[in-house]
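Colleague: Take this structure, written in structure tokens, and hold onto it; I'll ask about it next.
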Amino acid sequence: MSVLESEHGTTPAPRRRIKDMEVMVADVVVETPDTATLVFFAGNDRLEYEPGHFLTIDPHQFPALERFIAFFEDSKGRKEPVRAYSMCSTPDEKYLAVTVKEERYVSGLTKYPPLLSPMLVRRTVRGMKLVVTGFTGPYTLDDDVEAKTDHLVHVCAGSGSVPNFAITKYALAHHPKLRHTWVYSNKTWDDVIYRRELEGLAKRHPDRLRILHTLTREENPSAYGSDVKKGRVDEAILREAIDDPSSCLVYACGPAIGPLERKTAKEKGIEPAPEVLGDGDRRVEGDRSLEGERQARVVRVMIGSHEERPTKVEVRPGQLWEFTDRSGKTRRARVVRVSDPSLGPPVRHVYLRRVISGSRMCSSLHRMEQQIAGARLVEDRESPHPPEPKRDRAAPTRPEPAVRRDVLHRPTMSAADRRETIARARRLRTHGRSIAEIARALGVVSEVVDEWLGNSLHVE
């Protein structure tokens, strides 16, 4: 604990008072398709906080969430708590900034849908005013850190990089004796938050900052550089990052083991495991490698019309299906993932994304068997060129609605962002990524990507 000198000796430093502040959104920076950095202007007064601190946001202040909050509080029997978000800004920067990753609702796994993060990521605009409370948190640098070590190791996964990014920026500017090594785990290259910023810091400080990436769902991660590995954080990569374990300090931040994960593990009679680390062939639910996903997340569904005998069909991620629902509408949807087999038949689900609108769909296996008629497999990621089934020429076909090619599932792009996004789509295509994978990575519908690449769209 820090102290103040006085004529009577040393006395503890006064605690920093946590206070409410009204801030204005100065900018919204899209980091990844499901993550955004909110930049706040809090006035011209100097704000006292430390790199790694977090602030809180009370969802009750947003009228748009009022009815959802009332339902949740009735269901849970308690008041909705404030949400905490780590800050990626540092005390010597003009603006406050937090990075928010949108949480997802997974039927059968998530008890309640997320409340605040989807709104902050998708609906926050410049000029919007809100109240934040700060600042606090134990995840900070000690004042005498340079006396303890000359090497900081940052083990991060996903949005766990946020406080470490602030600590790294500040330490590079104010602690010249410290060198940093990042071991950064993500699903794909496009999920890496602060990728360009970290690359820029590493170029400016080549002798003090090294970034090691591990990607769990990339087919060929080495295409992005020699320091990009496939798989999870394991002992081998930690040995590569840490030359002397006895003299370094490690800051680790990533997905936590929450109450729901503990409850699910207890029901299965196993110990809850962290999502970041992996060893050998172990696969942790929630972030499987692509191989593990293909092996474990394959289901067989009985699909067919009510008049004809159903056939057993394999359903797996990456497939594109066309079907006619009971309302008579012809739809196309791509399978995003299939729930884990260990959950058992009663709660198993197939998660799809509609091709036209980009909206998400979820169907239990039972509902899929009962409600989908005349389904056919249009495209399979396992088979790049599947044979096109013959259509009955006499049977009338329902025309598909016009594709809204201007719909982007992210904030409106500037001309510069649009040029960069199209260039990024072309790079991903050269690395062998499918149209659907590129669309998911960029947050747009597949038809937009197909137009960019197929028609060689001129970038203005």
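The values are calculated or read from the model by the stated rules, or taken from the named source; none is laboratory data. Note that this is a predicted model, so its numbers are computed, not measured. Cβ placement follows ideal geometry from the backbone for every residue including glycine, while neighbour counts extend to all protein chains displayed.
Colleague: Just give me the residues in the stretch 153-193 being part of a helix (DSSP H, G or I), in contact with a helix residue (DSSP H, G or I) (Cβ under 9 Å, 6 or more places away or on another chain) and under 23 Å from E103 (Cβ atoms), in sequence order. If you could, list the steps in order and put the result at the bottom.
Modeller: Taking the stretch 153-193 and keeping what is part of a helix (DSSP H, G or I), we get 158-174, 189-191.
So of that shortlist, the ones also in contact with a helix residue (DSSP H, G or I) (Cβ under 9 Å, 6 or more places away or on another chain) come out as 158, 161, 165, 168-169, 171-172, 189-191.
If the condition is that a residue be part of a helix (DSSP H, G or I), in contact with a helix residue (DSSP H, G or I) (Cβ under 9 Å, 6 or more places away or on another chain) and under 23 Å from E103 (Cβ atoms), then G158, S161, F165, W189, D190, D191 are the ones that fit.
Colleague: Another question, then. Are any of the residues in the stretch 74-81 among the basic types (K, R), within 15 Å of V162 (Cβ to Cβ) and not assigned by TED's automatic domain parsing to the domain that holds A439? I'd like the intermediate steps shown before the answer.
Modeller: As a first pass, look at the stretch 74-81 and keep what is among the basic types (K, R): 76, 78-79.
Filter once more, keeping what is within 15 Å of V162 (Cβ to Cβ): none.
No: zero hits.
Colleague: How many of the residues making up the stretch 90-123 are buried (at least 16 other Cβ atoms within 10 Å of the Cβ), in contact (Cβ under 8 Å) with a residue 24 or more places away in the chain, under 23 Å from V23 (Cα atoms) and not basic (K, R)?
Modeller: So the count comes out to 14.
Colleague: What are the residues in the stretch 217-236 that are part of a helix (DSSP H, G or I), modelled with pLDDT under 90 and either within 17 Å of H154 (Cβ to Cβ) or of a type in the set (S, T, Y) (or both), if any?
Modeller: S222
Colleague: Is it the case that some residue within the stretch 204-216 is touching a residue at least 40 places away in the same chain (Cβ under 8 Å), outside any strand (DSSP E or B) and within 19 Å of H431 (Cβ to Cβ)? If you could, list the steps in order and put the result at the bottom.
Modeller: Here is the first cut: in the stretch 204-216, the ones touching a residue at least 40 places away in the same chain (Cβ under 8 Å) are 209, 216.
Okay, now just the ones that are also outside any strand (DSSP E or B), so 216.
From the residues that got through so far, the ones that are within 19 Å of H431 (Cβ to Cβ) too are 216.
Scanning the stretch 204-216, I find at least one residue that is touching a residue at least 40 places away in the same chain (Cβ under 8 Å), outside any strand (DSSP E or B) and within 19 Å of H431 (Cβ to Cβ), so the answer is yes.
Colleague: Hey, another quick one. Kindly check whether there is at least one residue in the stretch 36-58 that is among the hydrophobic types (A, V, I, L, M, F, W, C), loosely packed, with under 13 Cβ neighbours inside 10 Å and more than 11 Å from L116 (Cβ to Cβ).
Modeller: Let us first name the residues in the stretch 36-58 that are among the hydrophobic types (A, V, I, L, M, F, W, C), namely 36, 38-42, 47, 54-55, 57.
Next cut, loosely packed, with under 13 Cβ neighbours inside 10 Å only: none.
No - not one qualifying residue is present in the stretch 36-58.
The rows are residues; the columns are (1) part of a loop (DSSP other than H, G, I, E, B); (2) outside the structural domain of Y105 (by TED's automatic domain parsing); (3) modelled with pLDDT of 95 or more; (4) on the phi < 0 side of the Ramachandran plot.
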position: T11; (1), (2), (3), (4): no, no, no, yes
position: R16; (1), (2), (3), (4): yes, no, no, yes
position: D20; (1), (2), (3), (4): no, no, no, yes
position: V28; (1), (2), (3), (4): no, no, no, yes
position: G43; (1), (2), (3), (4): yes, no, no, no
position: L47; (1), (2), (3), (4): yes, no, no, yes
position: A64; (1), (2), (3), (4): no, no, no, yes
position: F68; (1), (2), (3), (4): no, no, no, yes
